[in-house]
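The block underneath contains the structure these notes are about, expressed in structure tokens.
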Amino acid sequence: MGASMRLHLAAITVGELTAPQLWTLLRLADSEHRLTVVNARRGSAVSGRKRLARRLRDVGPLQLASRLLGRVLIGDRHERRARDLYERLFDGASLRERWAALDAPVRRVATLNGKQARRALTESAPDVAVRVSGGILQERIFSIPRLATLNLHHGLAPAIRGMWSIPWGVVEQRADWIGATVHAVDAGIDTGKAYRRVAPQLAPGDTIDTLFFRTHLLVVEALAQVIDDFASGRDPEVLDQAGPSTYRSAPGVRPWLTLLRSGAGRRASITLDEALR
Amino acid sequence: MILIRQLLEWVCRVKRGGLVLNFHTLSAAETRDCVELLACHFDLIGHDELPGRLQRRGKRPFCLLTFDDGKRSNATETAPELERLGVPGVFYVVTDFLSDGSTPLWFDRYAALRRAVPVLPAALDRRVLKLLPHDLREERVRRVCERFGIDAALGDDDVAPMSWQQARGLAERGHTVGAHTQRHAILTTESRERALDEIESSVRTVGEQLGQPCKSFAFPNGNYTAKLALHAVDCGVETVMTTEPTWVDPGSRLWRLPRVQLHADTPRWRHLAKLFVAASGRSLRNPDGTGRIYVDINRRARRARSQATPKGQLPTPPRS
């Protein structure tokens with residue numbers, strides 16, 4: 001094995017940093033590599049109305065209405081609660097203190113895939129970029145880094161791709177979906193080369209939020225290992241991508257209700273059965 | 001109090017099986033009180049009698065006393081009193097805690113912190129801390145303790161660990177010494193590999209230190225999965241303890257035995273009430289933080305057993 005290089009990392013984020021995102025950034029900053037943050041104010045330059053029209057075209061009026069209703073009636077409230085829990089679990093206040101003390105260089109840009117973001121990334125010329133938060137990266141962004149652009153997908157790709165993968169695993173009783181993947185970003189959604197997969201233990205009493213928390217701790221460590229692999233001059237091992245693959249997007253009312261009935265996972269078979277199997 | 005006593009008496013007359021009780025520290029006087037109370041209703045048994053008592057019906061239900069963590073007072077106060085009263089106990093020790101001897105367990109540090117700083121940030125809420133993996137929890141509590149210049153008093157026998165010499169003495173005098181992980185990690189919050197290693201190492205260390213096989217394992221905080229419990233069995237233990245606060249009946253499996261947690265500072269009538277409610281098989285909250293979902297789990301277990309047993313055939317005896 002060759003000597004380790006000091007890489008230049010770029011972390012791509014959107015909006016205000018949440019506790020899990022700060023956890024990722026601090027882990028990257030704690031490594032021996034140099035870190036620059038590219039922080040976009042918004043994920044997309046497309047207006048809300050246009051995005052809504054596009055969704056309507058993609059999923060149809062019924063599914064769109066179901067998603068909106070699910071979000072308004074249940075999703076937003078759950079998200080607020082989850083954010084509070086992550087603040088406590090990750091100790092957001094102390095992470096913010098540590099992040100401020102680090103004074104890492106941050107390039108503010110308007111949108112995730114916009115010209116400013118492209119310029120900021122090109123100028124900082126990173127070896128590896130990490131998508132820490134935000135929407136789908138376009139090729140003109142993810143192709144800039146010299147070695148790779150990495151994503152943390154909270155789901156075991158390619159078995160499950162898309163958003164909300166851990167809750168989908170609970171709703172559809174698929175333990176084999178629950179976990180996370182460090183993968184290279186390509187033109188598809190969570191279809192790039194998978195470098196590491198991690199899965200937390202499922203246990204009675206777990207909810208989607210405790211599972212997300214433990215998964216995030218594991219996947220951030222896995223990300224650091226992948227970056228160290230790049231730094232040592234060898235490409236990280238690419239995992240087997242064979243097997244069936246399912247794509248899931250935002251949930252409608254029915255999955256939310258299923259999740260609520262299972263106490264966000266506490267009373268789901270997938271967690272209770274772990275005590276018996 | 002009299003009513004609860006009579007109810008418990010009645011339950012004890014009709015029920016088969018018994019109770020496994022979980023304590024942490026008891027003074028000699030508390031141990032005596034406790035044994036006197038329990039001896040009115042139960043046969044107080046040792047660990048090795050447990051599998052047999054699950055199979056056959058005794059005149060009275062049984063009760064097994066267990067003590068978690070391996071604090072020094074277990075060896076200096078509790079065990080001598082138990083010996084005087086002729087009652088064997090089971091002592092679960094945290095192996096690194098005993099080997100190191102100079103680092104208090106996280107919850108003793110936390111208790112010292114709570115006494116000195118009544119209002120702590122939300123990230124230091126006890127329920128939140130119990131959801132963290134061990135290293136993260138240790139680091140978070142240690143950091144705040146250092147900031148305030150506070151630590152648990154290792155001079156206190158309810159905080160300091162017993163020595164391995166004392167643990168060997170317990171085993172020689174007829175008590176059972178079991179494993180309680182290496183570091184008191186809540187195993188379901190750890191990575192799978194780490195959790196399996198905690199079990200294996202602690203069972204091995206207890207065996208090596210005692211010079212005899214480790215017979216029992218108890219999950220810290222009670223959180224378990226079947227995979228972890230069966231791994232403990234694969235490591236050689238005969239019984240695995242959780243903290244599901246319910247009665248041990250003939251259908252109970254030796255690899256996930258329920259235990260009712262009692263505290264020394266709780267009034268007597270509450271102890272009795274808790275035992276009575278546990279005997280009814282439901283309603284108590286599991287102190288491991290999972291509430292009452294053990295009721296659902298046990299219902300599933302019963303359903304699975306009845307589906308696996310054809311009509312007219314007796315169910316298979318519990319795994320031993």
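Read-outs: derived from the displayed coordinates by stated rules, not from any lab. Everything numeric here is computed off the predicted structure, so don't read it as measured data. All Cβ positions, glycine included, derive from the backbone under ideal geometry; neighbour counts span all protein chains shown.
Scanning residues 5 or more positions from B:Gly178 or on other chains, those with amide H under 5 Å from its amide H are B:Phe91, B:Tyr92, B:Val93, with H placed 1.01 Å from N in the peptide plane. What you get for the stretch A:8-275, charging only the Cβ of Lys and Arg (+1) and of Asp and Glu (-1), is a dipole of about 1500 debye around the Cα centre. Every helix of 4 or more DSSP H residues in chain B counts as -39500 (n - 2.57), and over all residues that averages to -13000 deg cm²/dmol at 222 nm. Applying 0.36 nm per residue to the separation of B:Ile2 and B:Ser27 and subtracting their alpha-carbon distance, the gain on full extension is 6.4 nm. Here's how it looks for A:Tyr247: its modeled amide H is under 5 Å from those of A:Arg161, which are all 5 or more places away or on a different chain. Here is the tail figure for the stretch A:209-277: Cα pairs spaced more than 14 Å apart come to 77 percent of all pairs. Semi-axes of the equivalent ellipsoid of the stretch A:189-237: what are they in whole Å, largest first, if each equals the square root of 5 times a C-alpha gyration tensor eigenvalue? Result for the stretch A:189-237: semi-axes of 27, 12, 8 Å.
So if I take the centroid of the Cα atoms in the stretch B:226-275 and the same for the stretch B:109-174, what is the distance between those two points in Å? First find each Cα centre; the distance between them is then 23 Å. Short-range pairs are left out: with C-alpha atoms under 8 Å and at least six residues apart, the relative contact order of the stretch A:34-117 is 70 percent. Divide the volume of the convex hull around the Cα atoms of the protein assembly as shown by the residue count and you get 184 Å³ per residue.
Pairs exceeding 27 Å between alpha-carbon atoms, taken from B:Lys71/B:Lys215; A:Lys193/B:Lys227; A:Lys193/B:Lys130; B:Lys59/B:Lys227: A:Lys193/B:Lys227; A:Lys193/B:Lys130; B:Lys59/B:Lys227.
Considering only DSSP beta bridges with both partners in the protein assembly as shown, what is the antiparallel share in %, to the nearest 5? Looking only at bridges with both residues in the protein assembly as shown, the antiparallel portion is about 20 percent. With the cut-off at 16 Å, report for the stretch A:6-72 the share of all Cα pairs above it, as a whole percent. Beyond 16 Å sits 63 percent of the P(r) for the stretch A:6-72. Each residue of the stretch B:97-108 was assigned a 3J(HN,Hα) from its phi angle through the Karplus curve 6.51 cos²θ - 1.76 cosθ + 1.60 (θ = phi - 60°); the sequence is 4, 6, 5, 6, x, 10, 10, x, 6, 4, 6, 6 Hz, with glycine and proline shown as x.
Dipole orientation for chain A: of the candidates A:Ala268, A:Thr24, A:Asn39, A:Asn39 has the Cα lying most toward the positive pole (charges on Cβ; Lys, Arg +1; Asp, Glu -1). Per residue of A:79-87, other chain Cβ atoms within 10 Å of the residue Cβ number 1 on average. Neighbouring Cβ atoms from other chains, within 10 Å of the Cβ of residues in B:221-227, number 5 on average.
Couplings 3J(HN,Hα) of the stretch A:19-33, computed from phi: 4, x, 5, 4, 4, 5, 4, 5, 5, 5, 5, 6, 6, 7, 8 Hz, in residue order, whole Hz [Karplus 6.51 cos²θ - 1.76 cosθ + 1.60, θ = phi - 60°; x for Gly and Pro]. Per-residue mean of foreign Cβ neighbours for A:262-275 is 4 (Cβ atoms of other chains, 10 Å radius).
Start at zero, step by 10 Å, and the Cα-Cα distances of the stretch B:174-318 spread as 11, 36, 34, 17, 2 percent across the bins. The GNM of chain A, with springs linking C-alpha atoms under 10 angstrom apart, assigns the highest mean-square fluctuation among A:Arg234, A:Arg174, A:Arg49 to A:Arg49. Both radii were evaluated on the Cα set of the stretch B:180-266; the Rg over Rh quotient, with Rh as the Kirkwood radius, amounts to 0.98. Based on Cα contacts under 8 Å between residues 6+ apart, chain A shows a relative contact order of 22 percent.
Here the stretch A:4-124 is assigned +1 on the Cβ of each Lys and Arg and -1 on the Cβ of each Asp and Glu. Its dipole about the Cα centre then comes out at about 820 debye.
Compactness of the stretch A:42-138, taken as the C-alpha radius of gyration over 2.2 N^0.38 Å, stands at 1.43. Counting only Cβ charges, +1 for Lys and Arg and -1 for Asp and Glu, the dipole size of the stretch A:196-277 around its Cα centre is about 560 debye.
Computed from phi, the 3J(HN,Hα) profile of the stretch B:248-263 under the Karplus parametrisation 6.51, -1.76, 1.60 (θ = phi - 60°) reads 8, 10, x, x, 5, 8, 5, 8, 8, 8, x, 9, 9, 8, 10, 10 Hz, with x in place of Gly and Pro. For A:Trp164, no residue whose modelled amide H falls within less than 5 Å of its own remains once neighbours fewer than 5 places apart on the same chain are excluded. Computed over the Cα atoms of chain B, pair by distinct pair, the Kirkwood hydrodynamic radius stands at 20.2 angstrom. Name the residue from B:Gly169, B:Ala75, B:Ile199 whose Cα lies farthest towards the positive end of the charge dipole of chain B, charges +1 on Cβ of Lys and Arg and -1 on Cβ of Asp and Glu. Farthest along the dipole direction, towards plus: B:Ile199.
Projecting the Cα atoms of B:Ser280, B:Gly178, B:Pro213 onto the charge dipole of the protein assembly as shown (Cβ charges, centred on the Cα centre) puts B:Ser280 farthest toward the positive pole.
Only bridges with both residues in chain B count here: give the DSSP antiparallel percent, nearest 5. Restricted to chain B, the bridges split so that about 10 percent are antiparallel.
Multiplying each eigenvalue of the alpha-carbon gyration tensor of chain A by 5 and taking the square root yields semi-axes of 30, 23, 19 Å, largest first, rounded to whole angstroms.
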